[in-house]
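Step one of this worksheet: look at the structure below.
What follows is calculated from the coordinates using simple rules that are stated; it is not laboratory data. All values derive from a computational prediction rather than experimental measurement. Note: ideal-geometry Cβ built from the backbone for every residue, glycine included; neighbour counts use all protein chains shown.
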Amino acid sequence: MSDMSEQPSPVQTCDVLVIGGGPAGSTAATLLAQKGYRVVLIEKDKFPRFHIGESLLPVNNGLFEQLGVLDEVARIGMVKNAAQFDSMYHGKKQSFYFSQAMNQRYPFSYEVHRAELDQILLDNCRAKGAQVHEETKVTAVDFSDPQSVRVTTRNQDGEGRWQARFLIDASGRDTFLANRFASKQPHPKHASAAIYGHFEGVERLPGTDEGNISLFWFDHGWFWLIPLQNGITSVGMVCWPYYLKTRKTDLDTFFHDTVATCPPLAMRMKDATLTKPVTATGNYSYLSSKMSGDSYLMLGDAFAFVDPIFSSGVLLAMKSAVFGAEAVDAGLRDPARMQSHLQRFEKNVLKGLKGFTWLIFRMTTPVMRELLMNPRNIFGVESAVIAILAGDVHDNPQARSRMRLFKLIYYMRCLATLPQSIRAHYQRRRLIRAEVFEQSW
């Protein structure tokens, strides 16, 4: 008699299978489960687990309200009223308070330990009816049947087999489907690497500004400083990949030596102690050449990631999940129009990305630094910029129209400093081309 352990596992069925239990996956699974779908979420790790990306945007609050978890997020978070830019090139600081944004519905946000936030969202997903499998990896997908997707999983109990009507890839930087489709590529307009760690003893801003994020420019990129509960502060630098490759020392020493080149940050970290070794990532700006197909879509970082400077990662992940859940729901109810719903989903996701990327691509240029350190609210331009910093990139046409004026001001300033602007432009292009060429080999 054959060993029963060698028999293939039975095929289990569901309406939607979600890969990944981060903010994108848990949000999409929650929304679809609330609509009555049989949703299965597969997560490779056991929560809680560490994750970077601790600074949230005010528009996130509306999404937390929609999911019913805002009070829980408030309990674990430091209130973030503003984003402060501290420029050693100008010898001063400039804070942008979210209460002065064009849309003042959400005048603050939170800084959070991501392990705690992601646990809240995953627990909520489970409570709302999704079936969650942690410490389980998706090992294969099969799209050969036009009516369904077959998914193979594995955990300590063995292999699992699933048949779903639709697949959502929310695998984050693992980019599960993009890797299998060979559709992942370096971002053609950006390149960045990062080193980060958690510290105790970092000087914080006084009073109600204690939870504000601080951003510092230096010669090769920029730093973030994010205050968290329990006396922990997240500090990281985002730089051109070439700079990370100049490292001749261990990672901790390289990080501290770079902090020393930015006096405003070094002053706030003079009494800081590292709680565990710093972590580095190579070039992590990428996108996939496809976002959806007849029976799948990609959410958040599973599709693209550009740069963390505006703390947009969690917001874009959750907004893409909202748009994705709407598309899947409409498409499963009316399969003949699935492609139309997926096209609308892609359009909405790209609108959000583009709302941030124009600023991201120019954030380290001398002209942009000058404009941010000397803001003027002519025709509501500063309020529009604050709206973007707050994450209001999807549903605020007034802010988008004022941003067009801000872009005009930017380009006029570039013309006024043409030699400097041309040098900055071509230096950026050279660095991106060098990184893309290196990765292609």
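A compact table of results
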{"quantity": "Principal-axis tilt of helix 338-362 within the chain, Cα atoms, nearest 10 degrees", "calculated": "20 degrees"}
{"quantity": "Protection proxy ranking of 267-274, 12-19 - average other beta-carbon atoms within 10 Å, highest first", "calculated": "12-19, 267-274"}
{"quantity": "Highest-fluctuation residue, L121, L265, L405 considered, GNM on the chain with Cα pairs under 10 Å", "calculated": "L405"}
{"quantity": "Fluctuation leader among I409, I213, I386 - the chain, Gaussian network, Cα springs under 10 angstrom", "calculated": "I409"}
{"quantity": "Charge tally in the Cβ shell below 10 Å around V149, where Lys, Arg are +1 and Asp, Glu are -1, V149 excluded", "calculated": "-1"}
{"quantity": "Candidate aspartates and glutamates - alpha carbon under 15 Å from K248, same-chain residues fewer than 8 apart omitted", "calculated": "D257"}
{"quantity": "Qualifying lysines (Cα of each under 17 Å from Cα of K93; at least 8 residues distant if same chain)", "calculated": "K80"}
{"quantity": "Between the stretch 54-115 and the stretch 238-299, the Cα center-to-center distance that results, in Å", "calculated": "22 Å"}
{"quantity": "Restraint check, K128/K347; K290/K347; K35/K351; K137/K351; K189/K354, Cα-Cα greater than 21 Å", "calculated": "K128/K347; K35/K351; K137/K351"}
{"quantity": "Acute angle (nearest 10 degrees) that the helix 397-416 long axis makes with the longest principal axis of the chain, alpha-carbon atoms", "calculated": "40 degrees"}
{"quantity": "Student exercise, the stretch 157-313 dipole from Lys, Arg, Asp, Glu Cβ charges, in Debye to nearest 20", "calculated": "500 debye"}
{"quantity": "Within the chain, helix-based [θ] at 222 nm, where runs of 4 or more DSSP H residues each add -39,500 (n - 2.57), nearest 500", "calculated": "-12000 deg cm²/dmol"}
{"quantity": "Inter-label distance, nm, simple model (7 Å from Cα along the C-beta direction), N374/Q94", "calculated": "0.9 nm"}
{"quantity": "Gaussian network model of the chain, springs between alpha carbon atoms under 10 Å - residue of I360, I232, I378 with greatest fluctuation", "calculated": "I378"}
{"quantity": "Cβ-defined net charge surrounding L371, 10 Å radius [Lys, Arg +1; Asp, Glu -1]", "calculated": "+2"}
{"quantity": "Degrees separating the helix 114-127 axis from the principal Cα axis of the chain, which is the longest one", "calculated": "30 degrees"}
{"quantity": "Cβ-based net charge around H394, under 15 Å, with every Lys or Arg adding one and every Asp or Glu removing one", "calculated": "+3"}
